[in-house]
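The structure appears right after this line, and notes come after that.
The values are calculated or read from the model by the stated rules, or taken from the named source; none is laboratory data. None of the values given here were measured: they were computed from a predicted structure. Note: ideal-geometry Cβ built from the backbone for every residue, glycine included; neighbour counts use all protein chains shown.
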Amino acid sequence: MEDLIEDLTRGNVTEVKMLLATVVLGLAVYQVLLAGVAYGWLRPRFLERGSASWTHRASGDTILVLTVVIAVMCIGYSGFEDGGAHAVVATILLGVFATKVLVVRLGGRLSRVLPLLGVSLLILFGITWLTSAGEFLGVG
Amino acid sequence: MTARPSQGAQMLGSLLVAIAIVAAAIAIVTAHFGPTSSAELDAREERLEQREENIEELQELEEERRERDR
């Protein structure tokens, strides 16, 4: 697995992970803004709730794929042993992300917790980024 | 009051914003690393080490030759 990841990233495993993680964080911030429009908390003149909701889902699907790729790269290449706080927060993040996807699919009364799950996810993405890519980029 | 853009334009616009965010993230991270990949840097470092080793080896051979000549 390690060799496959090395080959795919041409030896730049850390750099590729950092790049993808930064893309995910940027999109996660955008997701919360789009959700704000979709829920009617933000009312820009140029964007309706339906369009915001559609983009929120499309962008969310992209984030999900990228998050799984990063997680596979992290666990497959570095493992859990030396992960420390980053590994713990990232594991919680994956759990919350899976719960959010499940709640979206199930719908009904559970949908009321979606904003809470969404904001929790943004915070977890932020902490996970700060404890990995942020440290390398001199932010964390 | 200005008219609201059509739904298609809204969708396209919001997707373009997402693409712009992705492009900005890529630009910021790659600017931090510079244009050279770590694999290339490693290879460069390896070549430098090899060159230093060769020089040391040559110097040792030279010394051995001098000692023999004495």
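Restricting the first member to the range A:46-65 and to residues that are more than 7 Å from chain B (Cβ to nearest Cβ), and the second to residues that are in a loop (DSSP other than H, G, I, E, B), the beta-carbon pairs closer than 7 Å and six or more apart or on different chains are A:Arg49/A:Gly40. Before we move on, is B:Thr2 surrounded by 12 or more Cβ atoms within 10 Å (Cβ to Cβ), within 10 Å of chain A (Cβ to nearest Cβ) and at pLDDT below 90? No: the conditions fail for B:Thr2. Entry remark, the range A:9-44: residues being within 12 Å of chain B (Cβ to nearest Cβ) and more than 17 Å from the chain's Cα centre (by Cα) number 11 in total.
Can you find a residue that is touching a helix residue (DSSP H, G or I) at 6+ places or on another chain (Cβ under 8 Å), assigned to a helix (DSSP H, G or I) and at pLDDT 90 or above anywhere in the range A:37-48?
Yes, the range A:37-48 contains at least one residue that is touching a helix residue (DSSP H, G or I) at 6+ places or on another chain (Cβ under 8 Å), assigned to a helix (DSSP H, G or I) and at pLDDT 90 or above.
Based on this model, can you work out whether B:Leu41 counts as within 10 Å of another protein chain (Cβ to nearest Cβ), at pLDDT 90 or above and in a helix (DSSP H, G or I)? For B:Leu41, the condition - within 10 Å of another protein chain (Cβ to nearest Cβ), at pLDDT 90 or above and in a helix (DSSP H, G or I) - is not met.
For every residue, the table says whether it meets (1) modelled with pLDDT of 85 or more; (2) exposed (fewer than 12 other Cβ atoms within 10 Å of the Cβ).
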{"site": "B:Val22", "(1), (2)": "yes, no"}
{"site": "B:Ser37", "(1), (2)": "no, no"}
{"site": "B:Glu52", "(1), (2)": "yes, yes"}
{"site": "B:Leu58", "(1), (2)": "yes, yes"}
{"site": "B:Arg65", "(1), (2)": "yes, yes"}
{"site": "B:Arg68", "(1), (2)": "yes, yes"}
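Looking only at the range A:127-139, residues that are within 14 Å of chain B (Cβ to nearest Cβ) and either assigned to a helix (DSSP H, G or I) or of a type in the set (Val, Ile, Thr) (or both) come to 6 in all.
Kindly list the number of the only condition in (1) more than 27 Å from A:Val113 (Cα to Cα); (2) touching a residue at least 12 places away in the same chain (Cβ under 8 Å) that fails for A:Ala21. A:Ala21 satisfies every listed condition except (1). Residues considered: A:Val113, A:Val119, A:Val69. Of these, the only one that is surrounded by fewer than 17 Cβ atoms within 10 Å (Cβ to Cβ), closer than 30 Å to A:Asp7 by Cβ and hydrophobic (A, V, I, L, M, F, W, C) is A:Val69.
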